[in-house]
Amino acid sequence: MTEKLYNNLLFQSIFLMSFLILVGLLIPNWLVFVITKAIAYGLVGLGIITLMRGGLVSFGQGFVFGIGGYTAGLLGTQAGLTDAMLLLFVSFLFTGLVGLIIAPLLARYRDIFFAMLSLAFSMVLYGILIKIDAIGGSDGFVLPESTYFGIKPSSEYADYVLYVVAIIMTGFISILLRYYYDSTPGLIALAVRENELRVEYLGSSAFNVAVLNFTIAAGLGGMGGALNGIALGHIDPEFTYWTTSGEFVFISILAGYLSVPAVFLAALLLELVRSFSGRYFPDTWQLILGLFLILSIIFIPSGIGSFFKQFFDRLKKSK
Amino acid sequence: MSKQSLLRAENVNKSFGAVVAANNININIDKGEKVSLIGSNGAGKTTFMNMVTGYLKPDTGHIYLKNEEITQLDPRIITQKGISRSFQIPQIFEPMTAWENLLIALGTSQKKHSYFKNARSKENGDFIDEILNRFALNEFAHRQVSELPGGVRKLLDIAMALVRKPDILLLDEPTSGVGAEEKYPLMDTIAKALSGQGLTVIFVEHDMDIVQNYSDRIIAFYQGAVIADGNGNTVLNDSNVKKYVTGKTEVKVKS
């Protein structure tokens with residue numbers, strides 16, 4: 001029965017990915033770009049909800065977002081590596097490794113201390129990046145155009161090809177994460193969120209859970225940063241700025257920690273609100289974002305993922 | 001059959017400022033014993049239990065499990081080595097169901113984890129169903145634990161501790177917060193669930209009738225020290241125990 005369900009999950013995911021890839025051909029280019037950016041932000045949000053499942057919230061995911069973006073950018077400009085898929089993968093691995101190195105320090109803290117310490121890391125990185133003129137200082141630098149298996153797509157299709165790559169890579173990462181969430185270690189993370197003391201008295205380590213989840217979140221954040229940098233064709237220290245980190249927290253709160261697709265939907269909503277408020281209500285972006293956040297917390301405190309969960313629970317019961 | 005020492009405390013001392021919570025405690029507990037710890041509030045029972053499970057570290061002295069020193073180990077490692085415990089206030093995962101609580105307890109007891117295999121496998125499900133059955137919890141399996149009555153929560157807390165198949169199970173006041181009429185049925189369920197496993201059980205309890213009927217050895221504490229240790233009749237009729245612990249001259253035995 002379980003196997004059947006999982007086969008269905010895989011099937012449903014592939015169907016959804018195929019659908020989105022086809023939709024990308026029909027929608028305007030600006031929307032393709034917005035969705036790609038939403039996927040980049042969604043990846044970071046996915047990392048935060050992985051942490052949230054273990055009871056932690058990071059206010060400083062700009063740190064890994066920036067490292068991922070700069071990794072992709074520097075590999076492009078300094079090492080001549082322009083393959084987008086390779087850049088995304090290497091950024092994921094490298095940022096995950098950075099996450100693994102600092103996670104033992106962060107995992108010793110909980111609640112606001114964890115959040116603020118993660119924020120501190122991003123602030124330090126921001127401070128360093130704006131001072132290094134060799135990599136553009138506060139202006140950042142331009143990334144070379146991406147290639148795919150050695151082929152450079154025409155400028156007309158460049159955004160779409162990146163969109164397709166983003167959908168496929170993110171789709172498979174989301175499936176793997178869903179499997180992880182439902183595995184024994186994934187469930188233990190949920191238990192840590194509820195009662196860390198009991199988890200220790202059952203013989204498991206809450207510390208190890210925090211380290212693992214932060215490492216995953218770092219890898220995802222790095223991949224998101226790389227994708228965002230490649231999509232924009234530009235990287236600058238704003239990637240690591242605290243307001244950027246705040247947007248990731250916003251996505252996670254709006255999505256809740258109950259559903260993977262909800263994170264991408266929340267990221268897309270954020271990007272759409274940002275795009276439309278920028279166009280129709282200039283200079284009111286922060287105001288609109290703030291109002292949006294207030295309404296989300298008041299009316300959907302468990303996030304839009306709770307709707308997804310209710311829907312699937314009902315579906316299971318009806319079967 | 002020769003007795004096999006399982007848990008040994010040697011010259012254990014613990015103070016909190018001027019308060020002596022453990023005063024030169026020497027206790028040896030053999031495999032299969034059912035031991036109750038009695039004493040008034042602040043006598044040192046829970047401190048002893050917390051030191052055995054690693055939550056507190058003794059100031060001096062040593063604690064051994066199967067002749068291996070565990071004095072300075074963390075609760076997680078001690079649990080892995082074979083001591084599990086339940087809590088006076090059940091420590092369960094409130095937003096989850098009883099079944100999910102046991103699934104997590106089972107997951108923590110498994111040495112190898114797959115990060116991509118669904119924990120809700122048939123094999124795990126069968127094991128949990130058996131535990132639920134043993135503790136008469138079947139009807140509560142899929143109810144959120146925050147909705148469950150006190151006695152059921154106690155049973156679930158104990159069942160979670162038992163999933164790991166420990167050598168020693170420590171129960172901290174298993175009947176506290178449970179109505180008088182529920183105490184014996186609760187203890188009967190616990191005793192039945194634990195029977196036939198050769199498990200060593202140590203429990204803290206204030207109800208002397210329960211103590212007398214469900215343990216084969218009683219250790220009485222007063223001001224951090226052990227003042228009596230032996231079978232029920234010996235300990236409960238000890239003059240110091242009567243004076244400092246029970247305040248009774250006679251103890252009723254369940255018919």
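Details
- Criterion violated by B:Thr46 - all others in (1) surrounded by 18 or more Cβ atoms within 10 Å (Cβ to Cβ); (2) part of a strand (DSSP E or B) satisfied: (2)
- Among the residues of region B:81-116, those identified as at the interface with chain A (Cβ under 7 Å from one of its Cβ atoms), without any contact (Cβ under 8 Å) to a residue 12 or more places away in the chain and out of contact with any Phe, Trp or Tyr (no Cβ under 8 Å at 6 or more places or on another chain) are B:Gln110, B:His113, B:Ser114.
- Enumeration of residues in region A:190-215 that are buried (at least 24 other Cβ atoms within 10 Å of the Cβ), in a helix (DSSP H, G or I) and facing chain B (nearest Cβ under 10 Å): A:Ala191, A:Val192, A:Arg198, A:Val199, A:Tyr201
- Some residue of region A:275-292 being loosely packed, with under 11 Cβ neighbours inside 10 Å and more than 27 Å from A:Trp30 (Cα to Cα): no
- Selected residue (only one of A:Gly203, A:Gly256, A:Gly233, A:Gly246 is touching a strand residue (DSSP E or B) at 6+ places or on another chain (Cβ under 7 Å) and either aliphatic (A, V, I, L, M) or modelled with pLDDT under 95 (or both)): A:Gly233
- Meets criteria (touching a residue at least 40 places away in the same chain (Cβ under 8 Å) and either away from chain A (no Cβ under 14 Å) or not basic (Lys, Arg) (or both)) for B:Gln72: no
- Residues considered: B:Ile78, B:Ile27. Of these, the only one that is within 19 Å of the chain's Cα centre (by Cα), outside any helix (DSSP H, G or I) and of a type in the set (A, V, I, L, M) is B:Ile27.
- Among (1) crowded, with 18+ Cβ neighbours inside 10 Å; (2) within 30 Å of B:Ser40 (Cβ to Cβ); (3) in contact with a helix residue (DSSP H, G or I) (Cβ under 7 Å, 6 or more places away or on another chain), the one test that B:Thr200 misses: (3)
- Only one entry in A:Ser183, A:Ser146 is more than 18 Å from A:Val57 (Cβ to Cβ), buried (at least 18 other Cβ atoms within 10 Å of the Cβ), of a type in the set (Ser, Thr, Tyr) and facing chain B (nearest Cβ under 10 Å), namely A:Ser183.
- Considering region B:134-191, and only residues there that are among the small types (Gly, Ala, Ser) and within 13 Å of chain A (Cβ to nearest Cβ), the residue that is farthest from B:Gln110 (Cα to Cα) turns out to be B:Ser146.
- Enumeration of residues in region B:81-99 that are assigned to a loop (DSSP other than H, G, I, E, B) and either of a type in the set (D, E, K, R) or modelled with pLDDT of 95 or more (or both): B:Glu94
- Any hit, region A:152-164, residues being without any contact (Cβ under 8 Å) to a residue 12 or more places away in the chain, more than 14 Å from every other protein chain (Cβ to nearest Cβ) and among the aliphatic types (A, V, I, L, M): no
- Those residues of region A:53-70 which are buried (at least 24 other Cβ atoms within 10 Å of the Cβ) and in a helix (DSSP H, G or I), in sequence order: A:Gly62, A:Phe63, A:Val64, A:Phe65, A:Gly66, A:Ile67, A:Gly68, A:Gly69, A:Tyr70
- Against the conditions (1) within 21 Å of A:Gly303 (Cα to Cα); (2) part of a helix (DSSP H, G or I), A:Tyr257 satisfies every one except (2).
- Residues within region B:9-24 that are out of contact with any Leu (no Cβ under 9 Å at 6 or more places or on another chain), over 11 Å from B:Ala43 (Cα atoms) and either surrounded by 15 or more Cβ atoms within 10 Å (Cβ to Cβ) or in contact (Cβ under 8 Å) with a residue 40 or more places away in the chain (or both), tallied: 7
- Boolean, A:Gly225 is more than 14 Å from chain B (Cβ to nearest Cβ), crowded, with 18+ Cβ neighbours inside 10 Å and in contact with an Asp or Glu (Cβ under 7 Å, 6 or more places away or on another chain): no
- Failed item in (1) of a type outside the set (A, V, I, L, M, F, W, C); (2) in a helix (DSSP H, G or I); (3) under 30 Å from B:Ile83 (Cβ atoms); (4) over 15 Å from the mean Cα position of the chain (by Cα), with A:Glu238 passing the rest: (3)
- Selection status of A:Val44, outside any helix (DSSP H, G or I) and touching a residue at least 60 places away in the same chain (Cβ under 8 Å): no
- Any hit, region B:224-233, residues being modelled with pLDDT of 90 or more, within 18 Å of the chain's Cα centre (by Cα) and surrounded by 20 or more Cβ atoms within 10 Å (Cβ to Cβ): no
- Residue list for region B:117-132, restricted to those being within 8 Å of chain A (Cβ to nearest Cβ) and either in contact with a Leu (Cβ under 6 Å, 6 or more places away or on another chain) or among the aromatic types (Phe, Trp, Tyr) (or both): B:Ala119
- Residues of region A:120-143 that are surrounded by fewer than 21 Cβ atoms within 10 Å (Cβ to Cβ) and closer than 15 Å to A:Leu74 by Cα: A:Ile132, A:Asp133, A:Ala134, A:Ile135, A:Gly136, A:Gly137, A:Asp139, A:Phe141, A:Val142.
The values are calculated or read from the model by the stated rules, or taken from the named source; none is laboratory data. Computed from a prediction, not measured in an experiment: that's the story for all the values here. Here Cβ is always computed from backbone atoms with ideal geometry, including for glycine, and neighbour counts include all displayed protein chains.
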